[in-house]
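The values are calculated or read from the model by the stated rules, or taken from the named source; none is laboratory data. Computed from a predicted model, the values in this text were never measured in an experiment. No Cβ is skipped: glycine too gets one built from the backbone with ideal geometry, and neighbour counts run over all protein chains shown.
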Amino acid sequence: MTLLKLTLYYGAHAFWPFALACLWVALRGRGWLRYAAMGALLLSLPLAWARFAEPRLLTVHRETILLPGANSSSPAIRIALFGDPHIGIFKNAMPIERIVAQINAEGVDAVFLAGDLTYHPEPEDIPEDFAALATLDAPLFAVLGNHDVGFPGENLTEPLMRMFQETRARVAHNRAIDTEIAGHRIIVAGASDLWERQQDFGFSASLPDGVPVLLLTHNPDTALTVPEDFRYDLMLAGHTHGGQVRIPGLYQKVLPVTGPFDKELHRFQSPSGERLVYVTTGTGMVGVPLRFLMPPRIDVLTVHLPE
C-alpha cells in the first residue's frame, strides 16, 4: 500500500513532459489532434494544481467563538489550532517550519496541535522533522492521532513523546492541565485518540467549577462518547482534513467525512446540553498526495470566555 502511495507521489512528475507534449501538439498540430491535445491539457490542470500547488499554499482562517455564558465584550484569548501535518512519505506536506513561522506572526496566546503528526516517517527523522515546534512563541498543547499510535501504521508514541519533551510541549492525553493563558485561568483537558480505545475521562470528576475547559482531541467523533457529566466549553479537533480533496457537487457523495463533523464550528445537542466542537482541516495529506479546494490551514480563534 505504501508503495502505491509513493508511486502516485513520484509518478505525478510525469505531468510535466505530458503537459509539454500537449502544448507542442496544440501549437503545432492540426485539426482534431490539436483540440484533443488542448482538451487533455486542460483536464490535467486540476490534478497538477492539487499535487504541486495547493499543498504548498498555507492559509489562515480566523474566527470568533463565544463560549457558553460569554458575549462579544467578554474577555478573550487568541489561540492557534492546527492538526494533521502528516510528516512522512509525502514530501509535499506543509513543513513544520512554515507552520511555526506563520503562527508566530499571528501573535497568539497559545497553540493547540490536534494530532496525526506523522504518516509513515522514518522514526529517527522525527526529532529533526518537528524541531521547529521548540521555536513557537506561545505555549504548545498537543495530543496524538490515530496515525501516530498505529491505527494504521507503526506505533510512534515513544519517539513522539520524546520529541514533545524536547520541544517543551505539554501533552494532554487523558488528563487536565490547569494553566493560565493570557492571564486567564483555563483548563486544557485532553483525550487520547478515539481509535486507540484508551480514552479515560476519569480526571473530569476533579475539575474545578467556574473555570473554562478546552478539550483537545484528534477525532471529533470523540464528542459522541464524552460522558454526559463531563462539562467542557469547547472541543478542539482535527482528523477530517475537511475532505482533503473537495470536489464541488460530488463531495458529499464521493468523498464524505465520516461522522457528523466536517470542518470549523459545530453545535449539537447532547443529553447534557449544547456542545461546541471546532474542527481544523489540517495541513498535510493521507491516501493521496493531493489537496483540492481545501488548502493547508491554521485556524486562529478568538475565544471569548464567560465572566
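Would you call ASN146 surrounded by fewer than 23 Cβ atoms within 10 Å (Cβ to Cβ) and within 16 Å of the chain's Cα centre (by Cα)?
Taking the combined requirement at face value, the residue satisfies it.
Criterion first (among the aliphatic types (A, V, I, L, M) and buried (at least 21 other Cβ atoms within 10 Å of the Cβ)) does ILE247 satisfy it?
no
So how many residues does region 178-200 have that are out of contact with any Asp or Glu (no Cβ under 9 Å at 6 or more places or on another chain) and either β-branched (Val, Ile, Thr) or within 18 Å of VAL143 (Cα to Cα) (or both)?
So the answer is 9.
Only one of ALA142, ALA132, ALA138 is closer than 27 Å to ALA105 by Cα and in contact with a Leu (Cβ under 9 Å, 6 or more places away or on another chain). Can you tell me which?
Going through ALA142, ALA132, ALA138 in turn, just one is closer than 27 Å to ALA105 by Cα and in contact with a Leu (Cβ under 9 Å, 6 or more places away or on another chain): ALA142.
Restrict the check to region 141-162 and report whether at least one residue is assigned to a helix (DSSP H, G or I) and charged (D, E, K, R).
Yes, some residue in region 141-162 is assigned to a helix (DSSP H, G or I) and charged (D, E, K, R).
Could you please let me know if ASN92 is more than 22 Å from HIS173 (Cα to Cα), in contact (Cβ under 8 Å) with a residue 12 or more places away in the chain and in a loop (DSSP other than H, G, I, E, B)?
When the stated conditions are applied, ASN92 passes them.
Could you give every pair whose Cβ atoms fall below 6 Å, whose first residue belongs to region 145-158 and is touching a residue at least 24 places away in the same chain (Cβ under 8 Å), and whose second residue is surrounded by 15 or more Cβ atoms within 10 Å (Cβ to Cβ) and of a type in the set (Val, Ile, Thr), counting only separations of at least 6 or pairs across chains?
Short answer, once both residue conditions are applied: HIS147/THR118; ASP148/THR118; VAL149/THR157; LEU156/THR118.
For region 59-108, give me each residue that is touching a His at 6+ places or on another chain (Cβ under 9 Å) and acidic (Asp, Glu).
Of everything in region 59-108, just one residue is touching a His at 6+ places or on another chain (Cβ under 9 Å) and acidic (Asp, Glu), namely ASP84.
Could you go through region 261-273 and let me know if any residue there is without any contact (Cβ under 8 Å) to a residue 60 or more places away in the chain and either farther than 20 Å from LEU215 by Cβ or outside the structural domain of ASP209 (by TED's automatic domain parsing) (or both).
Scanning region 261-273, I find no residue that is without any contact (Cβ under 8 Å) to a residue 60 or more places away in the chain and either farther than 20 Å from LEU215 by Cβ or outside the structural domain of ASP209 (by TED's automatic domain parsing) (or both), so the answer is no.
If the requirement is being more than 22 Å from HIS241 (Cα to Cα), modelled with pLDDT under 95 and assigned by TED's automatic domain parsing to the domain that holds ARG185, which of these qualifies: PRO75, PRO68?
PRO68
Pairs needed: first member in region 4-22, under 18 Å from ALA37 (Cα atoms); second member anywhere, not basic (Lys, Arg); C-beta distance under 7 Å; at least 6 residues apart or different chains.
PHE15/SER44; PHE15/ALA48; PHE18/SER44; ALA19/LEU41; ALA19/SER44; CYS22/ALA37; CYS22/ALA40; CYS22/LEU41
I'd like to know if region 270-279 contains one or more residues that are among the aliphatic types (A, V, I, L, M) and out of contact with any strand residue (DSSP E or B) (no Cβ under 7 Å at 6 or more places or on another chain).
No, every residue in region 270-279 fails to be among the aliphatic types (A, V, I, L, M) and out of contact with any strand residue (DSSP E or B) (no Cβ under 7 Å at 6 or more places or on another chain).
Give me the pairs, please: first residue somewhere in region 195-217 and assigned to a loop (DSSP other than H, G, I, E, B), second residue anywhere and among the aromatic types (Phe, Trp, Tyr) and crowded, with 17+ Cβ neighbours inside 10 Å, beta-carbon distance under 7 Å, and either six or more positions apart or on two chains.
Pairs found: PHE201/PHE230.
Checking ARG175 against (1) at pLDDT below 95; (2) more than 30 Å from PRO46 (Cβ to Cβ), only one condition comes out false. Which one?
(1)
Out of the residues in region 283-307 that are touching a Ser or Thr at 6+ places or on another chain (Cβ under 8 Å) and part of a loop (DSSP other than H, G, I, E, B), state the one that is surrounded by the fewest Cβ atoms within 10 Å (Cβ to Cβ).
Step by step, filter region 283-307, then rank; the result is GLU307.
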